[in-house]
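Working notes, beginning with the structure itself.
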Amino acid sequence: MVFVLWGVTLVTFFLSRVVPGDPARLMAGPQASPGAIANLRHIYGLDKPLLVQYGRYLGDLSRLNLGVSFVTRRSVRTDIATYLPATAELAGYALIVGFLLAVVTATVSAYRRGTATDVTGRLTAIGGLSIPAFWLALLLQLLFHVQLGWFPLGGRLSPGVTPPSQITGLLTVDSLLTGRFGDFADAASHLVLPVTTLALGVYGLMVRIIRTSVIDALGEEYVRTAEAKGLSRWRVLRRHVLRNAMLPAVTVLGLEFGLLAAGVFVVESVFQWPGLGNYTFNAIHNSDYSATLGATLVIAAMYVVVNLIVDIAYLYLDPRIRYA
Amino acid sequence: MTDRAAAVERGRQERVAAERLRRATRAVGSFISQSRLNGLAVAIVALVLLVAAFGPLIAPQSPDQPDLSFILQGPSVHHWFGTDNIGRDLFSRVLAGCRISVEVAIIILSLSVALGTILGIVSGLAGGLVDEFIMRITDLFLAFPGFILAAAIAATLGPSLPHTVLALAVVFWPWYTRLTRGQVLSLREREFVLASRLAGGGTLWIATRHLVRNVLPIVTVQVSLDVGYAILSTSSLSFLSLGAQPPSPEWGAIITEGRSYLQTAWWWTTIPGLALALTILGFNLLGDGLRDWIDPRLRGSLGGVQE
């Protein structure tokens, strides 16, 4: 894992130093004299050989220093810490909503296997994976903001609403903890459209996985035994079928994370959601290489950790793996 | 005598070709009849390929032809999909965009399949340090969420369609290397490969003659599963201004342009997006169906067969 993380720093570092725009020039502004640019380049070590710059970068990393953003002029670590909760809130709700809907559809599909209901269920799942998130986001804005006016166009809170004091950084949680129910409603209504867009992808992937595993579980002998014991259908489903069918859903969490990362990137951009995706997007477009590097690194590191947790969780959830 | 031999040979070839055609037709027939969704997939993909091939022939206008007397017109008999802010016909632009998406998917997947399978076969056959080295390289690329890596690469190279294509090929190839290597590891122990080796077959002969052919079906299924994702990623990157730039009629780029007119010209974003979604749906259905069709273990879960 350490090797992989080191590889990640190597890839991001060399990628972002090949950026066509000159960071020192961008930072100094269009009217800067060549001397001032050279000075900045010297301050940030941009005049050193790449290998030296990389060595410095690794040294900084070991002290958890991700450098300074040229655009916000704050440390990238502070920036990421500021923007991460917004993304976590968005992705968290999308994961929950998508997952719950998927369990229902997948179970119904599996029980009615081969019927028109099943085909419809599968079609909605593949549809969920096929509809481009950026297009769906625009359609939802068109329908629910422009036409019906039910939900706001974007952002996390309406203008003029002061965010509740930061406890978790999740606005829906913080507003409830501080008892500001009006703000909760406002934050929730801002969440509806972006969460719907993101949840659809989660739903599509999960339905496919869970449906197959429910079908597998239904064919197992322990299910037949449970039915023979006279357990109610609901109890068999809850205790025996779903519990076993959830295992494969855990294994695709890594895949899910990758899907959500892509979705967050696009959805935050359309809904002007002040999260990590939007931050990375702006950093890329401003050739803000410390910020691009930092954000990409943090996303990749989270991805590596999620995959590690999945491996460990799988070992724990399925004892057979140990003997295999 | 030689004439006769040639005629016999020609006849044999014709019979073989006819037999192949018959088998292919039967295969398509059995694929379609297996599930209702497979038929839908074949229909959509056939339509997309036809439009990509012949779209410009049926387009009423050039996709870049402005007409200032018809700006921001809704869908009508003259402009089926409406017009944009400088009067370009969106139907013609969507047709042109179809060809771009199909071409882009073909190039991305050709590049990654070529590189991926070659490295996979080398890795699987060579073993040892070579294998270790190639696998660690794939680890590096697989450590990133694919779309994020593609976005970073496209941004680094500078936003343009060729750079997006390259970025996505970089993201896709390691998957093909892994897939091929796994297949080769099991194939190389099989009797027919050992027999070929005993008969004096060199490594290159075995790789091209036996391994490539046997890896091909599973790679084909993976390609069909990836086409939709390649098209989706390309258009998403274009939408984020990291890929094709306006005035290109790439679907993501059209939608970016139309976004500023969301309130006044709904058709500008809605219709190209619908074409995009339908195309991706068609390829995803096809990939899904092919996978279930080829993998007999999954066959029961298709919906056509009842327990």
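The values are calculated or read from the model by the stated rules, or taken from the named source; none is laboratory data. Only a predicted model underlies this, so the values are computations on that prediction, with no experimental measurement involved. For neighbour counting, all protein chains shown are included, and Cβ atoms are generated from backbone atoms with ideal geometry for every residue, glycine included.
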Filter segment A:62-96 for residues that are crowded, with 21+ Cβ neighbours inside 10 Å and among the β-branched types (V, I, T); which is farthest from the chain's Cα centre (by Cα)?
A:V76
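Test B:F141 against the criterion of being of a type outside the set (K, R), within 30 Å of B:R190 (Cβ to Cβ), under 24 Å from the mean Cα position of the chain (by Cα) and within 14 Å of another protein chain (Cβ to nearest Cβ), and give yes or no. Step through it out loud before you land on a result.
On the way: of a type outside the set (K, R): yes; within 30 Å of B:R190 (Cβ to Cβ): yes; under 24 Å from the mean Cα position of the chain (by Cα): yes; within 14 Å of another protein chain (Cβ to nearest Cβ): yes.
The answer is yes for B:F141.
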What pairs can you find where one residue is in segment B:259-281 and more than 8 Å from every other protein chain (Cβ to nearest Cβ), the other is not in a loop (DSSP other than H, G, I, E, B), and their Cβ atoms are less than 6 Å apart, with a gap of 6+ or different chains?
B:Y261/B:W268; B:W268/B:G258; B:P272/B:V94; B:P272/B:W251; B:P272/B:I254; B:P272/B:I255; B:A275/B:V94; B:T279/B:V48
Take the conditions of a type outside the set (D, E), closer than 30 Å to A:R122 by Cβ and modelled with pLDDT of 90 or more and apply them to A:V195. Does it pass?
yes
Say whether the condition of being in contact (Cβ under 8 Å) with a residue 40 or more places away in the chain, more than 13 Å from chain A (Cβ to nearest Cβ) and under 21 Å from the mean Cα position of the chain (by Cα) is met by at least one residue in segment B:147-163.
yes
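Give the residues of segment A:246-259 that are in contact (Cβ under 8 Å) with a residue 40 or more places away in the chain and either within 13 Å of chain B (Cβ to nearest Cβ) or in a helix (DSSP H, G or I) (or both), sorted by residue number. Please lay out each step first, then the result.
If we filter segment A:246-259 for residues that are in contact (Cβ under 8 Å) with a residue 40 or more places away in the chain, which is where we start, we get A:247, A:249-259.
A:L247, A:A249, A:V250, A:T251, A:L253, A:G254, A:L255, A:E256, A:F257, A:G258, A:L259, listed by residue number.
In this structure, does A:G114 turn out to be surrounded by fewer than 23 Cβ atoms within 10 Å (Cβ to Cβ), on the phi > 0 side of the Ramachandran plot and within 14 Å of chain B (Cβ to nearest Cβ)? Step through it out loud before you land on a result.
Details: surrounded by fewer than 23 Cβ atoms within 10 Å (Cβ to Cβ): yes; on the phi > 0 side of the Ramachandran plot: yes; within 14 Å of chain B (Cβ to nearest Cβ): yes.
In short, yes.
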Surrounded by fewer than 23 Cβ atoms within 10 Å (Cβ to Cβ), modelled with pLDDT under 85, under 29 Å from A:R77 (Cα atoms) and touching a helix residue (DSSP H, G or I) at 6+ places or on another chain (Cβ under 9 Å): does that describe A:V223?
no
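Rundown of residues vs (1) at the interface with another protein chain (Cβ under 8 Å from one of its Cβ atoms); (2) closer than 26 Å to A:G128 by Cα; (3) at pLDDT below 85, yes/no style:
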{"site": "A:F265", "(1), (2), (3)": "yes, yes, no"}
{"site": "A:S269", "(1), (2), (3)": "yes, yes, no"}
{"site": "A:N282", "(1), (2), (3)": "no, no, no"}
{"site": "A:T292", "(1), (2), (3)": "yes, no, yes"}
{"site": "A:V304", "(1), (2), (3)": "yes, yes, no"}
{"site": "A:I309", "(1), (2), (3)": "no, no, no"}
